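Comments concern the structure below.
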Amino acid sequence: MQGRCLCGAVRYRIRGEPYHVTHCHCLSCRLASGAPFVTWFTVRELELEWRGEVRHYRSSMGVDRGFCPRCGTTLSYRHEASPDEIDLTAATLENPELVAPEDHTWTQDMLSWIRMLPLLAGHRRHRQYDRSA
Ligand SMILES: [Zn+2]
Ligand SMILES: [Zn+2]
């Protein structure tokens, strides 16, 4: 499996199976990504290979978040309590369909309108394109 940031300056490759696939709703993930929640999966650090420079931000005690210094894509999360493991953003996988989220974490921080998602109208592309329909 492989993945990359938006601009392609950072790429990664994984050997081995991803596990602990979850939608994290915590406030830190929200602010770090600019998205209402972040979908993560975990891999063994030894089974991950980076290409390109990842910059790191210590978002809280023992937490290190990796991102592309050029385009800002949120890429990784590490906690010093689990130094052998690293979390990667599922959406940066070349094929995110290969991992299936198992649950939601930090639901105490979940935005109320996330529960509305399945109820909202959908547009195949931009909303304006549907006006002629
Ligand atoms: Zn980038
Ligand atoms: Zn989080």
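The values are calculated or read from the model by the stated rules, or taken from the named source; none is laboratory data. Since this is a predicted model, take the numbers as computed values, not measurements. Reconstructed Cβ throughout: ideal geometry from the backbone, glycine too, with neighbour counts over all protein chains shown. Heavy atoms of the whole protein, side chains included, go into the accessibility calculation; ligands, DNA and RNA do not. Shrake-Rupley method; radii C 1.70, N 1.55, O 1.52, S 1.80 Å.
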Estimated FRET transfer efficiency when R0 is 25 angstrom, pair TYR57-ARG125 (beta carbons, to 0.05):
0.15
If unit charges are put on Cβ atoms (+1 for Lys and Arg, -1 for Asp and Glu) and the dipole of the chain is taken about its Cα centre, the option from ALA100, THR89, ALA121 lying farthest towards the positive end turns out to be ALA121
Using only the heavy atoms of the protein chains and a 1.4 Å probe, how would CYS71, CYS5 rank by accessible area, largest first?
CYS71, CYS5
Ordering GLU45, GLU53 by the accessible surface of their heavy atoms, 1.4 Å probe, largest first, yields GLU53, GLU45
Might you tell me the accessible area per residue for the chain, computed with a 1.4 Å probe and given in Å²?
68 Å²
Take ARG13, ARG65, ARG70 and sort them by solvent-accessible surface of the protein heavy atoms, 1.4 Å probe, largest at the top.
ARG70, ARG13, ARG65
If R₀ is 35 angstrom, what is the calculated FRET efficiency for the pair GLU49 and LEU27, using the beta carbon separation as r and rounding to 0.05?
0.70
Ignoring ligands, DNA and RNA, what percent of the accessible area of the range 2-112 is carbon or sulfur (1.4 Å)?
50 percent
Could you work out the relative contact order of the range 2-112, using alpha carbon pairs under 8 angstrom and six or more residues apart, expressed as a whole percent?
34 percent
